[in-house]
Structure formats: structure tokens, C-alpha cells
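Reading through the C-alpha cells given below for one structure.
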Amino acid sequence: MKSLYTNLFPLLAAASLVAGQTAKLGQWDFVGHSGVSTMHGILSPGTNKVLFIERVELATEVTINGKPTYTVEYDLDTNTIRPLTTISNTFCSAGGYLMNGTVMNLGGAESAQEVNQGFNKIRTFEPCNDGKCDWMANNIDLSVLRWYPTVEQLADGTLFILGGANKGVAVNEPKTNVPSYELFPPRGKGGSYPIDFLTETLPYNLYPSVHLLPDSNLFIMANTKSIIFDTKTFTKKTDLPEIPGPPRHYPLTGGSIILPLDPANNYEPEILVCGGADQLTANAKGENTCGRIRPLSKNPTWDMEEMPFGRLMPDIALLSNGDVMILNGCLKGTAGFGKGTDPVLTPIMYNPSAKKGARMTQLQPSYIPRMYHSIAFTVPSGQLLVSGSNPNKNPTGEGPYPTDFRVELFTAPFHFTGQPQPWIKQAPAEIKYGQNFEIELVTYSEKPKIFVNILNSGFVTHSSHMSQRQIWLESELKADKLSLKAPPNGGVAPPGPYLMFVVDNGVPSKAVWIMLGGK
Ligand SMILES: *[C@@H]1O[C@H](CO)[C@@H](O)[C@H](O)[C@H]1NC(C)=O
Ligand SMILES: [Cu+2]
């Protein structure tokens, strides 16, 4: 069989050569095939499975009853795929969790290959462990067409759906711009409401950055501008200073993240924005700066730092120990089909609590270019899933950057200290805001030094990690029981499913799923 996979096998030998350096630099493992090109990815809550979603295109190898489909459930235990139904075209869509753990995927593109248009469609998925769940069409549509919108979960669990374009575009413009937001579930009469910020930030305002702040308001960024948006009145509250350097959004795509929130500093939020491209040409240079800002401080300013190299289309992912990985992407060009070159294979580990200048460490390079349409996020094992790359209009094994179906797991250096991982033996399935609760823990260290966090790995697409969030919990160790306190409210941690990791002397456990909610 002539398969898109045939170009991979010589590379496997190369992977094992690096084994000796794992302790210091981390380790890449090629674990399986994604079947579809992994343009979007999200964990299926309560399971060890991931949902991969691509766009409707030619030549996918995954079918249901002989018909191609464009989304699968990937099982991390067996590294196998289960084809799911394509309800409507998911091309450049967005998503997240409802507070009961239902997975939402919304927005998209025109009808193609006998699949309905998805611009204003909402698709839902109720997670399962029995192989019986599938995508379903939601009975309410979005109120307008949205391609490249962003979704962020609000403090009460509602999804805030922002922006996009009313058709696929290389660069957004006034006639394609959708400068509005809407909520899911809709409130009152529903509908979309205008937001001037998305007019002021043309043309670089697609997949805008949106991060929920602990005061329940939103940090919104597009192009070089950012604001705080009040979620009671749904109006702009404050303008923040402009980030130095080039625009940071599509097609000059950079990445952004809210750093882990910590009760030790009263959950003071910090936003980190890295990478992008310096101009809208094929010769554009990957931007090498990161900006970091405290949006709720008295005088918010962008504190700039340099990465060892530039990076367009970075994925910025939270790791199980609270460090941040900056990976994937390339050094030259812009986002879009065939528009990026010179892959950056070396990931950066960013330690948010280190001093400026000492935060970034270069890790083991991958051997797979992860260009346009690739993803990365932390999975229940505590490893980072890295997949995708399809800068081609349709999947192809040809060209400088063939469509890549290899799923990798990256195991970070902190797993190779020689100390066994702590083990969460027993934990509640659900916790309520402010609740004190206990978990049973097995640790192997002589002097346990325990920290616990909960993590939402987010809905990941196009360098955008929607609703990605990590919160440290107050904790106290008594014999083999660990006393913990749930986050105080939904501004700190919106209700819904989280992975909970215990970190002992820097070594994280595997995660258990926990539902956060209630009063
Ligand atoms: C989750 O909530 C949504 C919206 O309220 C609802 O439609 C869905 O049935 C719920 N799912 C479960 C499993 O309860
Ligand atoms: Cu795209």
C-alpha cells in the first residue's frame, strides 16, 4: 500500500540515538498514528483519550462505512484510533469544555466533500470509556458565521466566543471581520454583541488571545493591543500598553498563556506572549521576544525577554510540574498553507518562577518539523502530546513539509531524576470551591516536598490554547494523607474537569481527573 506513513520509518532509528541524553534534555517517543491531520486537539475528560479534529479535505485515510471522516478519538493506552462522525466542516474551529465535562467544538468553514458547512455550527461530545460516544449536532447554532474564533470559559462556566471571520481568508479585512462576541449557553435573547477592539486590531485579530483573570474579567489581546474586558457589563474596562515588537496574531502567529496561578501570591495573574513574525512576507523572520505582563497590577507593563531563537507558530503548553514548554513552529515566513519554512526543532522549557535571564532551557530537539496545523498539550501521564503539521491544502507525503501523522510524547527532564513518581492512590471525583479535602498518596522520597496543581490542557489549535489553565492548591501533608483546599472561585478556576498532579521534590505523578464546581 502506498501510504502517507511510508516516509517515517528510517527516522525511527535516529530517535533511539538520543536516549543517553534523556536525563538532562528530555525524551521524544513516537507512539502512534493520528489517522487524521491533527489541526485541533483536546482531552476527552475522565478518560485517557484525546479528540483529534482536522478539516474536511481530500485523501484522509480514515473512514466510516467507506466514507472519509475527519475526526477521531485517539486512545493513549493502546495508541489506536476510533473514527468519529464529521457533523459539519470543522476547518479552523474552536472549543472547550462545559462545566459538566461535555466537549464543545464550534465554528468552521464551508461545506465540502458532502459535509455540511460548519461556520455557525456547534458540535458536542459526551466523553465515554466504552467506545460508544460520538460528535452530535447541537440544536442551537452560533448567531453568526465564525472561522478562526476563540473560546474561553468564564468564571460561571459559560463559554465566551469571540471574533473570527465570515469566510476563510489569508489576512482578515473589514468585509470578512466578525467583531463580536456571544455566549454559550446563550443568555436572554442570545445573539452576538459588537466589540470595537476587534475592529481596532485589524488585520491581525484572528484567533485572538483570551485569558480569564482571577477577578472574573478577561484579558483580550490581538495584534499588539490588549484590554481588560468586564464580564459583568461586557464592556472594555481598561486599555493595557501595547506589546513591543510585531503583531502576534494570524498570520503573524505567536502564542500566549496565563501562567500557573498560585495562592502564595493571592493568584496574581501573569500573561506570557511569545514569538510571531515580523512582517507579512515570505521572508518574515520568526520573532524571538516574549513579553510578560501583570494585567491586574497598578501599572501593568510588558517585561520583555529574548528566546535563544525566533519562532513563528509556537505552541505554549503548561507541563505537569508548572513549567511551560515553548515548541513547534518555524523560523521564517508566516502562517498559512505553504507559507512557513525553516522548522524550529528545539523546544524551550520556561520556568516562570526563575529570575529573568535564567528562565529558559533548550531541550532535546525533535526530529519532526511541526509546522502550520500542529498541536501540543499535556496528557494524563504527565507527558506532552505533540502531533500534527499540515501546511498543505490537502494531505500529502510530498513537498518540503509533508503532512505528518506521527503522534509523539515528550517526557520532560524532571521525569528522569531517578526518583519514582509519587502515586495518587485515592482522590475524590468531585470538589467544590473552597472545600477542604484529602487524597491518599504514595511517595518514595525520604523528605517529601509536595505541591499539587490542577490543569486544564485546553482546546488547542493554531498556537491557540483555549482555556488552558493551571492552579496550585493549598496543601498540607499528614502521614500518607494529603490535605488540600479547592480553589476559592470560578475566576481562579472555572467549573469543569481538570487533571490533578501531585509534584514531590519536583517529580510529578500521573494525573487523576477531578471535577471542580458547586458553591
Ligand atoms: C452537560 O450540559 C449540557 C448543557 O447544559 C447538556 O446539554 C448535556 O446533556 C450535559 N451532559 C451531561 C452528561 O449531563
Ligand atoms: Cu489554519
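The values are calculated or read from the model by the stated rules, or taken from the named source; none is laboratory data. All values reported here derive from a predicted model rather than from experimental measurement. Quick reminder, even Gly has a Cβ in these numbers, built from the backbone with ideal geometry, and neighbours come from all protein chains shown. Only protein heavy atoms, including side chains, enter the accessible area calculation; ligands, DNA and RNA are left aside. Shrake-Rupley method; radii C 1.70, N 1.55, O 1.52, S 1.80 Å.
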Estimated inter-spin distance, Glu200 and Gln362, nm [label 7 Å along Cα→Cβ] = 4.0
Global geometry of the range 211-264, whether rounded, prolate or oblate, following the gyration tensor of its Cα atoms and the 1.5 cut on a/c | oblate
Rounded to the nearest 0.05, FRET efficiency between Ile64 and Ala170 (Cβ-Cβ, R0 41 Å) equals 0.80
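Could you rank Arg146, Arg359, Arg294 by how accessible they are, 1.4 Å probe, largest area first?
Working: Arg146 0, Arg359 25, Arg294 95 Å².
Final ranking, largest accessible area leading: Arg294, Arg359, Arg146.
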The simple spin-label model distance between Asp29 and Asn351, using points 7 Å out along Cα→Cβ, in nm, is 2.6
Accessible area of the chain divided out per residue, in Å², using a probe of 1.4 angstrom = 37
Straight-line reach check, Lys432, cutoff 20 Å on alpha carbons, 8 or more apart in-chain or any other chain, hits among lysines -> Lys481, Lys485, Lys519
List the cysteines in the chain whose Cβ has no other cysteine Cβ under 4.7 Å from it.
-> Cys92, Cys330
Percent carbon-and-sulfur accessible area, the chain, ignoring ligands, DNA and RNA, probe 1.4 Å | 52
Alpha-carbon spread of the range 124-171, three principal axes, descending order, Å | 42, 27, 20
Under 20 Å from Lys175, Cα to Cα: lysines that are on another chain or at least 8 residues apart = Lys167
Give the relative contact order (percent, whole number) for the range 29-415; include only Cα pairs under 8 Å separated by 6+ residues.
-> 11
Taking a ≥ b ≥ c as the square roots of the eigenvalues of the Cα gyration tensor, with a/c under 1.5 meaning rounded and otherwise prolate when a/b exceeds b/c and oblate if not, the chain is rounded
Cβ-Cβ cut-off under 11 Å around Asn436, Lys and Arg +1, Asp and Glu -1: the net charge is -1
Charge context of Ser297, other residues only, Cβ under 10 angstrom, K/R +1, D/E -1 | 0
Net length gained if the chain between Glu126 and Ser483 were fully extended (0.36 nm per residue, minus Cα distance) = 125.4 nm
For Lys356, go through the aspartates and glutamates and keep the ones whose alpha-carbon is under 16 Å away, minus same-chain ones fewer than eight residues off.
-> Glu270, Asp303, Glu305, Glu306, Asp323
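Between beta-carbons, use under 15 Å as the cut-off and find the net charge around Asp278, counting Lys and Arg +1, Asp and Glu -1. Could you put the intermediate results ahead of the total?
Numbers: positive: Arg248, Lys285, Arg311, Lys332, Lys339; negative: Glu287, Glu306, Asp342.
Result for the neighbourhood of Asp278: +2.
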Nearest-20 debye value, the chain charge dipole, Cβ charges on Lys, Arg, Asp, Glu | 320
Count of lysine pairs in the range 217-332 with Cα atoms under 20 Å apart, counting only pairs 8 or more residues apart in sequence or on different chains?
-> 6
